[in-house]
Amino acid sequence: KVMLIGEAPGGDEDRIGRPFVGRAGQLLDRMLKGIGLDRTKVYIANVVPWRPPGNRTPTPQETAACLPFVARQIELVAPKLIVCLGGSSARVLLGVEDGIMRARGKWRDYPGAGGVRALATLHPAYLLRQPAHKRLAWRDLRMIRSAVAAGL
């Protein structure tokens with residue numbers, strides 16, 4: 001029912017072939033646990049399925065090329081709630097023009113499927129670099145917990 005979508009795999013994820021397995025993945029696991037979820041109860045994907053050279057942010061051309069595949073993945077998973085992890089994901093999937101700090105914490109409708117709610121939040125890798133912003137992510141997580149508790 002809940003689909004988390006990040007930006008692109010990091011080095012650990014690229015080697016293992018699974019999203020969010022490094023330090024950011026460990027933080028994500030703790031974040032999910034904090035709201036009564038775990039990896040068995042969510043589906044995790046990335047906007048771009050490969051690691052960009054130098055671990056840079058995916059280019060608009062790369063995300064545009066991958067968007068049909070991500071849209072199809074969303075269609076197949078058929079989530080009730082999409083959580084965009086980070087600004088790149090929110091920009092690509094929700095058309096958010098503002099930065100992630102302005103975009104986070106607001107419910108939106110995912111434009112690719114009727115009735116799917118979406119929420120942008122801070123990426124776990126960002127939270128590792130900026131731990132003071134974990135309080136903002138916790139607010140978003142509580143919104144997700146409430147939505148799940150209400151049956152989405």
Task: Selection from the range 25-44 of residues that are in contact (Cβ under 8 Å) with a residue 24 or more places away in the chain, under 15 Å from the mean Cα position of the chain (by Cα) and surrounded by fewer than 18 Cβ atoms within 10 Å (Cβ to Cβ) - done: K41
- [ ] Specify which of the listed residues (G22, G54, G11) is open to solvent by 40 Å² or more (accessible area, probe 1.4 Å) and at pLDDT below 90.
- [x] G54
Open item on the list: Show me the helices (runs of 4 or more DSSP H) found entirely inside the range 58-152 where at least 2 residues are crowded, with 18+ Cβ neighbours inside 10 Å, among the hydrophobic types (A, V, I, L, M, F, W, C) and without any contact (Cβ under 8 Å) to a residue 60 or more places away in the chain.
Closed with: 87-94, 100-103
Task: Residue match in the range 41-48 (condition: in a helix (DSSP H, G or I) and out of contact with any Ser or Thr (no Cβ under 7 Å at 6 or more places or on another chain)) - done: no
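The values are calculated or read from the model by the stated rules, or taken from the named source; none is laboratory data. Since we're looking at a predicted model, the values are computed, not measured. Glycine gets a Cβ as well: all are built from the backbone with ideal geometry, and neighbour counts include every protein chain shown. These area figures cover heavy atoms from the full protein model, side chains too; ligands, DNA and RNA do not enter into them. Shrake-Rupley method; radii C 1.70, N 1.55, O 1.52, S 1.80 Å.
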